[in-house]
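Colleague: The structure under discussion is supplied below as structure tokens; questions concerning it will follow.
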Amino acid sequence: MNDVIIIGSGPAGWTAAIYAARADLHPVVFEGDEPGGQLITTTEVENFPGFENGIMGPELMDVMKKQAARFGTEIITQRVDELRRNEDGTFTVVSKGTEYQSKAIILATGATARRIGLESEKALYGKGVSACATCDGFFFKGKEVIIVGGGDSAMEEADFLTRFATKVSIVHRRDAFRASKAMQDRIFKNSKIEVIWNSEVTEILGVDVGHVTGVTLKSTIDGSTREMKIDGVFAAIGHVPNSDLVKNLLELDEKGYVKTIPGSSKTSIPGLFACGDLQDSRYRQAITAAGTGCMAALDAEKYLAE
């Protein structure tokens, strides 16, 4: 019987592990299919405190992992296939046919950014392709970028990017946005923003040189295509929380994010805690994920003590 099992290995999971290990709870971390989470696909991270010259995303995750291991965290590089609550209030975690028991569980499985779905997008991710304007906008000072999307998040990201880019083009497959009227008004009033209606990105150019140089746009009306020179491509078509493991166990919101009691990491089930992007659809930053990872470990420690 373990004291606490942590499922997920992004900033939230590793921070939870560091705190839990230092509290002598002997945490076990299941790294999952994508060890390190979304930061593994990020190149330079310049907004995480403590690294004045920035740090590569994978390197930051490696440093956190080593710090967790240093304090005695057991690390299992496997995904969790099933999570059950036992009759006595403890939990069973199933991974590759093996069952592990735990008094408390910390969920840190994160969320996945929706992608456009192109091979060229995958090849250029972190090399001009991004899904986070707040994270990467600074790298596009004086450059021209496009945003793919039509909801509030696309409007917010376009507005934010005008602080750095000389021009921001919003590419939308229809002739009207889903975004709120207030957000649309702000966009239409911004002289740095252009809207390209009834179009979709079918190719991102620059794979041969290792960075984005342009895109191929296809009309959703007549199917015609054209190339457009561009320095960066931002996908703002939403995130999907990785909550499949607990969809029949926990209370989720309408988007599938795990609901937590405000000001804590507590879920609808005692002993089951959630942190990071799995329960945060608003901020989605490495530093906020780490903060909630700390909260989850402290909440779990208090739960076990009681």
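The values are calculated or read from the model by the stated rules, or taken from the named source; none is laboratory data. Just so it is clear, the model here is predicted, and its values are computed rather than measured. Note that we place each Cβ from the backbone using ideal geometry, even for glycine, and neighbour counts take in every protein chain shown.
Yes/no matrix, rows are residues, columns are (1) in contact with a strand residue (DSSP E or B) (Cβ under 8 Å, 6 or more places away or on another chain); (2) assigned by TED's automatic domain parsing to the domain that holds residue 227; (3) outside any helix (DSSP H, G or I); (4) of a type in the set (Ser, Thr, Tyr):
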{"residue": "79", "(1), (2), (3), (4)": "yes, no, yes, no"}
{"residue": "94", "(1), (2), (3), (4)": "yes, no, yes, no"}
{"residue": "101", "(1), (2), (3), (4)": "yes, no, yes, no"}
{"residue": "104", "(1), (2), (3), (4)": "yes, no, yes, no"}
{"residue": "121", "(1), (2), (3), (4)": "yes, yes, no, no"}
{"residue": "142", "(1), (2), (3), (4)": "no, yes, yes, no"}
{"residue": "145", "(1), (2), (3), (4)": "yes, yes, yes, no"}
{"residue": "159", "(1), (2), (3), (4)": "yes, yes, no, no"}
{"residue": "173", "(1), (2), (3), (4)": "yes, yes, yes, no"}
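Colleague: In the range 1-40, which residues are surrounded by fewer than 18 Cβ atoms within 10 Å (Cβ to Cβ), touching a residue at least 12 places away in the same chain (Cβ under 8 Å) and over 14 Å from residue 108 (Cα atoms)?
Modeller: Across the range 1-40, the qualifying residues are 1, 3, 22, 26, 40.
Colleague: Which ones in the range 103-158 are within 30 Å of residue 301 (Cα to Cα) and under 16 Å from the mean Cα position of the chain (by Cα)?
Modeller: We begin by selecting, within the range 103-158, every residue within 30 Å of residue 301 (Cα to Cα); these are 103-112.
Selection gives 107, 108, 109, 110, 111, 112.
Colleague: If you don't mind, there's one more thing I want to ask. Can you pull out the residues in the range 1-46 that are of a type in the set (S, T, N, Q) and within 17 Å of residue 271 (Cβ to Cβ)? Reasoning before the result, please.
Modeller: Step one: list which residues in the range 1-46 are of a type in the set (S, T, N, Q), which gives 2, 9, 15, 38, 41-43.
Once the filter is applied, which keeps residues that are of a type in the set (S, T, N, Q) and within 17 Å of residue 271 (Cβ to Cβ), the range 1-46 yields only 2.
Colleague: Six or more apart or on different chains, Cβ atoms under 6 Å: show the pairs whose first residue is in the range 49-75 and within 17 Å of residue 28 (Cα to Cα) and whose second is among the charged types (D, E, K, R).
Modeller: 71/22
Colleague: Please verify whether the range 258-274 includes one or more residues that are in a helix (DSSP H, G or I) and crowded, with 17+ Cβ neighbours inside 10 Å.
Modeller: Let us first name the residues in the range 258-274 that are in a helix (DSSP H, G or I), namely none.
No.
Colleague: Tell me which residues, restricted to the range 163-190, are farther than 21 Å from residue 219 by Cβ, modelled with pLDDT of 95 or more and among the hydroxyl-bearing types (Ser, Thr, Tyr).
Modeller: Within the range 163-190, 166 is the sole residue that qualifies.
Colleague: Still on this structure, I have one more. Restricting attention to the range 207-220, report how many residues are buried (at least 17 other Cβ atoms within 10 Å of the Cβ) and either over 19 Å from residue 171 (Cα atoms) or not assigned by TED's automatic domain parsing to the domain that holds residue 140 (or both).
Modeller: Number of matching residues: 1.
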